[in-house]
Amino acid sequence: MSFELTRTLLDGIRSDVAEGRDSAVQEVLKELHPADIAQVIDRLDQEDAVYVFRLLDSEESAEVLLNLDEDRREELLASLTSREIAEDVLEHIDSDDAADVMSELSEEKQREVIALLDDQEQREDLEELLSYQEGTAGALMAKELVKVRTDWTVARAIVEMRRQAQEVDHVYTIYVVDKDDQLYGVLPLKQLLFSAESTRTLIKHICDDEIVSVKADTDVEEVVKLMKKYDVVVLPVVDDRDHLIGRITFDDVMDVMTEEATEDYQLASGISEDVDATDSPLVQVRARLPWLLIGLAGGILSSQIIAQYEEELQIDPKMAFFMPLIAATAGNVGVQSSAIVVQGLAAGTLDGVNLLARLWKELRVAVISASVCGILIYLVNLALQQSQALSYTVSIALFTVILTAAMFGTLIPLLLERLKVDPAVATGPFVTTLNDITGLLTYFTVGHFMYDMFL
């Protein structure tokens with residue numbers, strides 16, 4: 001049954017906290033999943049959130065912490081001592097999650113927490129994970145995994161797997177390494193159970209040596225593409241000498257995909273940094289104002305273009321009626337074209353595609369669309385008994401604008417990708433504003449020649 005957070009539940013918890021009825025709060029929370037408890041804590045004010053969080057047992061509080069909103073998690077971590085983080089949080093979560101938690105602490109507090117860890121291996125694992133650059137496979141991976149050696153027998157492998165599995169919450173894959181700890185292959189459970197002739201069979205004779213792996217410095221976007229391409233739920237991570245050093249699971253990749261999708265959507269909407277509805281007005285203004293100013297600058301340029309062609313508007317004021325049509329069509333076509341390209345770049349379907357080939361394909365689509373729209377608006381103007389000069393101006397300008405907007409929408413994200421700039425920027429106000437300006441400039445330029453010809 002799905003959990004529904006209601007005002008009644010929140011008010012009840014707030015009341016119990018205010019009255020100090022700890023057992024009542026714990027009674028409510030014990031029926032909830034850690035993710036649901038995190039949702040409750042996210043909706044409380046900071047003081048109540050800290051109070052409720054401290055009522056949880058260590059193992060549950062660690063799980064709840066991982067599901068909290070980033071800002072709320074930072075607040076709770078700030079309220080915990082270094083010893084509490086080490087003993088009550090890090091001891092109960094996987095190494096990749098522990099590294100994520102540690103990355104939100106100051107360097108000084110990181111050192112304090114690591115020094116308080118009793119397990120030497122855990123300390124070394126955390127230090128290694130924190131050393132990798134954010135956005136790489138190394139920073140995303142977990143150290144917990146199950147591995148066996150090529151020269152082990154099936155009997156020994158099963159004993160070792162049972163021992164190692166105690167430290168791993170979910171065993172997706174059993175990895176096979178050689179005596180130098182270099183990745184050799186994987187051991188599917190089906191082959192272990194049914195392919196071995198006896199318990200003395202060596203692992204190297206039944207394992208699968210065809211495996212996809214990534215280096216520790218591989219970009220996480222490439223990791224996402226590989227997991228989608230090869231339809232795997234876990235990827236092994238190796239160092240420069242092909243030593244097995246960790247694994248990346250699908251749930252971690254899903255988090256990355258969600259973050260990337262959110263970032264791209266915000267960029268496409270003209271929001272320059274990660275914000276949500278709960279952020280302060282100042283934070284939201286800081287994220288949204290830069291693109292609004294770009295749009296404002298574009299509007300000023302558009303008005304100056306209109307002012308330069310004031311004579312054409314005086315000759316036929318009806319030209320003004322079609323200015324919104326030209327600008328809106330240019331913006332829409334540009335966003336459509338850039339959205340398709342950005343989607344293709346994100347999915348990897350445009351990898352290796354020739355730039356000229358992509359432009360030629362988009363040009364053919366644009367010519368057909370522009371022809372249909374241009375002819376349609378010409379017929380509409382004839383039906384409305386508009387002048388020949390205005391009818392030709394609108395039709396030719398619309399045709400031209402659709403072509404140029406499609407080219408801009410295709411070319412800009414491809415160029416941004418090559419310049420290592422997020423191409424999602426191209427689907428937002430940047431391309432829209434650019435196409436508005438070029439659309440109006442095209443419209444009045446065509447109008448200038450048409451009215452000179454017909455009048």
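One line per residue, one yes/no per condition, for (1) modelled with pLDDT of 85 or more; (2) acidic (Asp, Glu); (3) in the same structural domain as residue 313 (by TED's automatic domain parsing):
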{"position": "412", "(1), (2), (3)": "no, no, yes"}
{"position": "416", "(1), (2), (3)": "no, no, yes"}
{"position": "422", "(1), (2), (3)": "no, yes, yes"}
{"position": "430", "(1), (2), (3)": "no, no, yes"}
{"position": "435", "(1), (2), (3)": "no, no, yes"}
{"position": "440", "(1), (2), (3)": "yes, no, yes"}
{"position": "443", "(1), (2), (3)": "yes, no, yes"}
{"position": "446", "(1), (2), (3)": "yes, no, yes"}
{"position": "450", "(1), (2), (3)": "yes, no, yes"}
Revision key, fill the gap. Flagged in region 16-35 as crowded, with 17+ Cβ neighbours inside 10 Å and within 37 Å of the chain's Cα centre (by Cα), in numbering order, are 17, 25, 29, 32, 34
Review point. Which one is surrounded by the most Cβ atoms within 10 Å (Cβ to Cβ), of the residues in region 52-85 that are closer than 24 Å to residue 15 by Cβ, among the charged types (D, E, K, R) and free of Cβ contacts under 8 Å to residues at least 40 places away in the same chain?
Key: 72
Review point. Among the residues of region 1-11 satisfying the criterion of being surrounded by 10 or more Cβ atoms within 10 Å (Cβ to Cβ) and over 16 Å from residue 47 (Cα atoms), which is modelled with the lowest pLDDT?
Key: 3
Review point. When residues of region 283-304 are filtered for being at pLDDT 80 or above and surrounded by 13 or more Cβ atoms within 10 Å (Cβ to Cβ), how many remain?
Key: 1
Exercise for review: Tally the residues that are part of a loop (DSSP other than H, G, I, E, B) and surrounded by 18 or more Cβ atoms within 10 Å (Cβ to Cβ), restricting the search to region 125-144.
Suggested key: 4
Review point. When both residues are 6+ apart or on different chains and their Cβ atoms are under 6 Å apart, which pairs have a first residue that lies in region 218-243 and is surrounded by fewer than 16 Cβ atoms within 10 Å (Cβ to Cβ), and a second that is part of a loop (DSSP other than H, G, I, E, B) and charged (D, E, K, R)?
Key: 243/181
Revision key, fill the gap. Note on region 145-171: residues assigned to a loop (DSSP other than H, G, I, E, B) and loosely packed, with under 14 Cβ neighbours inside 10 Å are 151, 166, 167, 169, 170
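The values are calculated or read from the model by the stated rules, or taken from the named source; none is laboratory data. Since we're looking at a predicted model, the values are computed, not measured. So basically every Cβ, Gly included, is an ideal-geometry build from the backbone, and we count neighbours across all protein chains shown.
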